[in-house]
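Below: the structure, in structure tokens.
Please treat every number below as a calculation from the coordinates, not as lab data. Note that the structure is predicted; figures quoted are calculated from it, not measured. Glycine also receives a Cβ, built like all others from the backbone with ideal geometry; neighbour counts cover every protein chain displayed.
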Amino acid sequence: MKFLAIDCSTDRLSVALSHGSQRWQHAGEGGAKASATLIPSIMALLASAQLQLTDLDAIAFGRGPGAFTGLRTACAVAQGLALGAHLPVLPIDSLALLAQTTGSLSPRVLSVLDARMGQVYVAAYEHSTEGWRCLLPPSLSQPDVLKIPASWRDQGFALASNAHALYAEAFSFCLNQGGMAVDAWPQASALLDLAELAWARGEAVAPADALPLYVRDKVALTSAERAAHKPVQTP
């Protein structure tokens, strides 16, 4: 099988290409720069693999949750390339990529991505013979009130996140329930693995049906909210 995988859900850009057992990868800056560098990066990988877009079986992308601009960029590029090459699309949760990246360390992964504005995106995954099973779907949470599935008590789990440096103290309550902290970012190489499973399950969709998963529809604080979050200055 031949898949192209794209993830721009954070401030890191990750692209990967597979042709059977062979893989090609590229990582770079995400955010606003992703829209300018994503397509050239894809074209460079295809050239390295000596493939055309029309040679692919499908295009997979991290649908979110994550950075709004990055999600729209990944979705739009996946849709446009797939439409032009007459390919199906595989939209896959970006939080599932963290679970796949961390899977060798634990079969139970609480995936957490920085959502800015003092919040995080979180989902819980458990590995089975059929792949990752989502026990708690992607949601928005405060960092200090993360929840784990009741069945995980005393079993151990990995808290995979790109936000440990930001929320180490806030994550401590959750980690004290038997978790281990793992620094992780969504990786397109992991997306290739999930794409193969999703393809086998028949989850490919037409380009027009591939949509981002935002979870949150608010992208900025109001002036009053920003003022409320400012530290109090003492004379």
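Laid out as a table, the results:
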quantity	calculated
Fraction of antiparallel bridges per DSSP, the range 53-162 only, in percent to nearest 5	60
Residue-averaged 222 nm ellipticity for the chain, from DSSP H runs of 4+ at -39500 (n - 2.57), nearest 500	-10000 deg cm²/dmol
Gaussian network model of the chain, Cα within-10 Å springs - most flexible of ALA165, ALA115, ALA188	ALA165
Size of charge dipole - the chain - debye, nearest 20, with Cβ of Lys, Arg +1 and Asp, Glu -1, no other charges	380
Principal semi-axes in Å for the chain [√(5λ), Cα gyration tensor, largest first]	31, 22, 14
Proxy reagent accessibility, fewest Cβ within 10 Å first, across CYS134, CYS8, CYS174	CYS134, CYS174, CYS8
Residue of LEU87, LEU95, LEU51 that the Gaussian network model of the chain assigns the largest fluctuation, springs spanning Cα pairs under 10 Å	LEU51
Cα convex hull of the range 63-149 - mean projected area over all directions, nm²	6.7
Highest-fluctuation residue, SER111, SER128, SER21 considered, GNM on the chain with Cα pairs under 10 Å	SER21
Exposure proxy order (Cβ contacts within 10 Å, fewest to most) of PHE61, PHE68, PHE3, PHE173	PHE173, PHE68, PHE3, PHE61
Debye-sum result for the range 105-171 in log10 I(q)/I(0), which assumes one identical scatterer on each alpha carbon, at q = 0.11, 0.15, 0.25 Å⁻¹	-0.24, -0.45, -1.13
Rounded to the nearest 20 debye, dipole of the range 1-121 from Cβ charges on Lys, Arg, Asp, Glu	100
At 1.306 mPa s and 10 °C, Stokes diffusion of the range 1-91 via Kirkwood alpha-carbon radius, µm² per second	125
Rounded to the nearest 20 debye, dipole of the range 95-183 from Cβ charges on Lys, Arg, Asp, Glu	140
